[in-house]
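Following: one structure in structure tokens, then a few remarks.
Read-outs throughout are calculated quantities, based only on the coordinates presented, and are distinct from any laboratory measurement. Remember, predicted model here, so these are calculated numbers, not experimental data. Ideal geometry is used to build each Cβ from the backbone, glycine not excepted, and the neighbour counts take in all protein chains shown.
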2 protein chains.
Amino acid sequence: MHELEVKIPSVEARSYRISIGNEILGSLWDRIEADYSRLSKFVVTDENLVSAGHLEAFLGRGSVLTFVISPAGETSKNIDTVTSIIEAMEKAYLGRDTLVVALGGGTVGDIAGFAASVFKRGVPIVHVPTTTVAQADSSIGGKTGVDSSISKNAFGAFWHPAAVYIDVAVLTTLDDRQFRAGLVESVKHALIADNEYFDFLQSNIEAVLERKADVLEKMADYNCKIKAGVVEADPTEKNQRRMLNYGHTVGHAVEAASGFELLHGESVAIGIIAAGLIESEMGLSEPGRLDRIRKIFEKIGVPITLPANLAEDNLVDLIKRDKKAVNKWPRFVLISRIGKVYCRDGQWAVEVEQDVVENVLGKF
Amino acid sequence: MHELEVKIPSVEARSYRISIGNEILGSLWDRIEADYSRLSKFVVTDENLVSAGHLEAFLGRGSVLTFVISPAGETSKNIDTVTSIIEAMEKAYLGRDTLVVALGGGTVGDIAGFAASVFKRGVPIVHVPTTTVAQADSSIGGKTGVDSSISKNAFGAFWHPAAVYIDVAVLTTLDDRQFRAGLVESVKHALIADNEYFDFLQSNIEAVLERKADVLEKMADYNCKIKAGVVEADPTEKNQRRMLNYGHTVGHAVEAASGFELLHGESVAIGIIAAGLIESEMGLSEPGRLDRIRKIFEKIGVPITLPANLAEDNLVDLIKRDKKAVNKWPRFVLISRIGKVYCRDGQWAVEVEQDVVENVLGKF
């Protein structure tokens, strides 16, 4: 037996830009056309964006190849939708010189991002996120994915965007429940990374809920800085980036167990409270901390207790299917204080006994 | 409007090992277990490998999670098979700490490689290629993909393996037509990169067809060195790597137009002859070159003319759908002499008028 080595060269660092503004949607298409003039464009959006008038506001009167995901939402986040997108791109004879443009919420970004990552082995994408959750979180960082019949994001890729454009004005037409649920990711950012940001949210939560542009822009700024900082340190989630999963291990299980009746943000709110209870069990709590978190969630209007109809053993089974599970039980992200993730032996996600989690799920 | 930058750090160079030997299949599993002891293993293979006894020879008596693709071959190279693999991995509660092991030909490697690249945003894979085409070509270089209903490899990713193990002894049980068709990629390597290798193949073609181990090992060596050299220079096919597509632009179209009645290698043989005819039209031919190529293909026993039942306009339509197409007509790789790709203005794939291609397809 003899051996050969194949060298895979290094990949250079690069960067992409997040542009944040108020009422910029109508001017973005010209900018995208100018910045990517060499590439064919293919827009992916969903029927909610069409009915809200955002697609028309974005594209103007020009004719652009567009795929409209229908129905909007989590039920379309599967491989069949990706296949339909890929085949629509093929029918339009698009090649590798194509730019995918995702206009929509987290689901649109996840689906379009994954489609871009696999179309002919990968084409670039720009994101124009239109929901609180997408603007705060999912459009930044390059995570893409769709669900299998068994679990969330079973299919996925890390596929960093070429650019992100955030118009906070589109949030003013967002459905109230969606808007509120999306704020949970902002609270999560504050909890894991920035104590001052938590204070800002606490003081300005009424203005946020009234969707005041200046407060929303400020919030977008905080969110993007926090998210970008974590992603830069660990772009493919080997360790540190896992902190962004705060509240998500239980959250994902709750979301699935509810049959996606609960929105992602609502489920993560429950997951964050569960994390708080686990912190108490593990001696990581501080007086009053969990109450402050419960209070802000109450103001936002998201659930802070486990719905009675969710079976605990089903939740435990779903937690075992978490994609970060190692030896069939995932690690958990916990905080030691507001703005500070609990890090043990250099690990940002730590072992928690299954008993402790079952105990917490049983009592709330 | 204001802006933030997100930095994506550089990715370090790495390398992987290709191990080549004769009758090593039975000892590989222990080595894989030792080298990747920390990871769960998931084997992907197909029913041909099972019936040939190779799976059993590979795994011994141990019980290992295995997915057997059925039916074997191109018809299973689609997203439904990938979905079945992903869901089988989920049902086994596998996490990101999983090593996918692909035992099989090019189709198995492409499917398993793509599944590994998307499973929970990517897990490592090792390839144990078992056909002439997989050993010479597809197991090295990180290209993965599955077909859509419209074209080949419409879904795909660049996903470099962790290691490749080549046992030339498994070729001795390979179906004769498969064996012969796979040799076309070896001829292609010689044509684009190594004039001496072409002479070697010409002189030793009888021994190759008798599947003599020493000649097959020598061939594996030439193939891996050539392929590795090209991949190292351009791992994600921005330019130079395109030379590996010699004969493939017409070849892929022929393969699809035949409804996959023709094997990949058989189609590429036709594509290489088509490239030779295009070279003649463009003044790149040398006296006797195309005859030498025709002669070696005749000895191998692969077609050198277009089957009469393939409609020319259908071929042109399929060529337009080539994944490397820019502005809906792909560039072509051509050679200026044996062992030397024709490179114009730094481009390894050059523009050829659609008329020229139609003309060539019309006359052969």
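Given chain B, what percent of its DSSP beta bridges are antiparallel, to the nearest 5?
So the antiparallel bridges in chain B amount to around 30 percent.
Under a no-solvent Debye model with one identical scatterer per Cα of the protein assembly as shown, what's log10 I(q)/I(0) at q = 0.06, 0.09, 0.11 Å⁻¹? Each listed q corresponds, in turn, to -0.38, -0.82, -1.14. Seen from every direction in turn and averaged, the convex hull around the alpha carbons of segment A:270-364 projects onto 6.6 nm². Position A:N314: other-copy label points at 5.0 nm, ordered by increasing distance, label point 7 Å along Cα→C-beta.
How high is the FRET efficiency from B:E261 to A:I150, r the C-beta distance, R0 51 Å, rounded to 0.05?
Numbers: r = 36 Å, r/R0 = 0.71.
Using R0 = 51 Å, I get an efficiency of 0.90.
When the trypsin sites (Lys or Arg not before Pro) in segment B:1-83 are filtered for DSSP coil states and for at most 15 other beta-carbon atoms within 10 Å of their beta-carbon, the remaining sites are B:R38, B:R61. The other copies place their A:N195 label points at 7.3 nm from this one, listed shortest first, where each point is 7 Å from Cα along Cα→Cβ.
Given charges of +1 on the Cβ of Lys and Arg and -1 on the Cβ of Asp and Glu, with all other atoms neutral, how large is the dipole of segment A:84-196 about its Cα centre, in debye to the nearest 20? Working shown, then result.
Working: 9 positive and 12 negative charges, 73 e Å.
Dipole about the Cα centre, nearest 20: 360 debye.
When A:D291 is represented by a point 7 angstrom out along its Cα-to-C-beta vector, the spacings to that point in the other copies are 9.7 nm, nearest first.
Would you mind computing the Rg to Rh ratio of segment B:68-131 from its alpha-carbon coordinates, Kirkwood style for Rh?
Details: Rg = 11.0 Å, Rh = 11.7 Å.
Ratio value, two decimals: 0.94.
Taking a Cβ cut-off of under 14 Å around A:V68, the surrounding Lys, Arg, Asp and Glu residues balance to a net charge of -3, with basic ones at +1 and acidic ones at -1.
Please report the antiparallel percentage of the DSSP beta bridges confined to the protein assembly as shown, to the nearest 5. Write out the running numbers ahead of the final one.
Details: 35 of 79 bridges.
Percentage antiparallel, nearest 5: 45.
Taken along its three principal axes, the alpha carbon spread of segment B:215-293 comes to 34, 33, 31 Å, from the longest extent down to the shortest. Within the set A:K152/A:K238; A:K77/A:K227; B:K7/B:K238; B:K41/B:K227; B:K225/B:K340, which residue pairs have Cα atoms separated by over 25 Å? Going by Cα-Cα distance, B:K41/B:K227 fall outside the 25 Å limit.
The share of Cα pairs per 10 Å bin across chain B, counted from zero up to the longest distance, runs 5, 25, 33, 24, 10, 2, 0, 0 percent. For the Cα trace of segment A:184-341, dividing Rg by the Kirkwood Rh returns an Rg/Rh value of 0.96. Segment A:32-47 and segment B:119-136 have their alpha-carbon centroids 34 Å apart.
Measuring from each Cβ of chain B to the axis that turns chain B onto chain A, the shortest distance belongs to B:V11, 2 (residue, then whole Å).
222 nm [θ] for the protein assembly as shown, helices only, -39500 (n - 2.57) per DSSP H run of 4+, per residue, to 500? Could the numbers behind the result be given before it?
Numbers: 26 runs with 322 residues, N = 728.
Taken over the protein assembly as shown, the calculation gives -14000 deg cm²/dmol.
Computed on chain A, with alpha-carbon pairs under 8 angstrom and 6+ residues apart, the relative contact order is 14 percent. Averaging the sequence gap over all C-alpha pairs within less than 8 Å and six or more residues apart, then dividing by the number of residues, gives segment A:17-173 a relative contact order of 27 percent.
Modelled label positions at A:V316 and A:D221, each set 7 Å beyond Cα in the direction of Cβ, lie 4.8 nm from each other.
Helix B:176-193 axis versus longest C-alpha principal axis of chain B: approximately 70°, rounded to the nearest ten. Of interest is the spacing of the C-alpha centroids, which for segment B:168-207 and segment B:224-253 amounts to 17 Å. Roughly what angle does helix B:106-118 make with the longest principal axis of chain B, taking Cα atoms, 0 to 90 degrees, to the nearest 10? It is inclined by approximately 60 degrees. Calculate the FRET efficiency for B:T305 and A:K212 from the Cβ-Cβ distance with a Förster distance of 51 Å, rounded to the nearest 0.05. Step by step, r from the Cβ atoms, then E = 0.10.
Short to long, the 10 Å bins of the Cα pair-distance histogram for segment A:17-173 hold 11, 46, 36, 6, 0 percent of all pairs. Counted over segment B:4-76 with a bin width of 5 Å, the fraction of Cα pairs per bin, in whole percents, is 3, 11, 17, 19, 16, 12, 7, 6, 5, 3, 2, 0. Taking all Cα pairs closer than 8 Å and separated by 6 or more residues, the relative contact order of segment A:166-308 comes to 27 percent. Model label points for B:A52 and A:V11, set 7 angstrom from Cα along the Cα-to-Cβ axis, are 3.3 nm apart.
With chain B treated as a Gaussian network of Cα nodes joined by springs under 10 Å, which of B:A163, B:A207, B:A190 yields the largest mean-square fluctuation? Ranking B:A163, B:A207, B:A190 by mean-square fluctuation puts B:A207 first.
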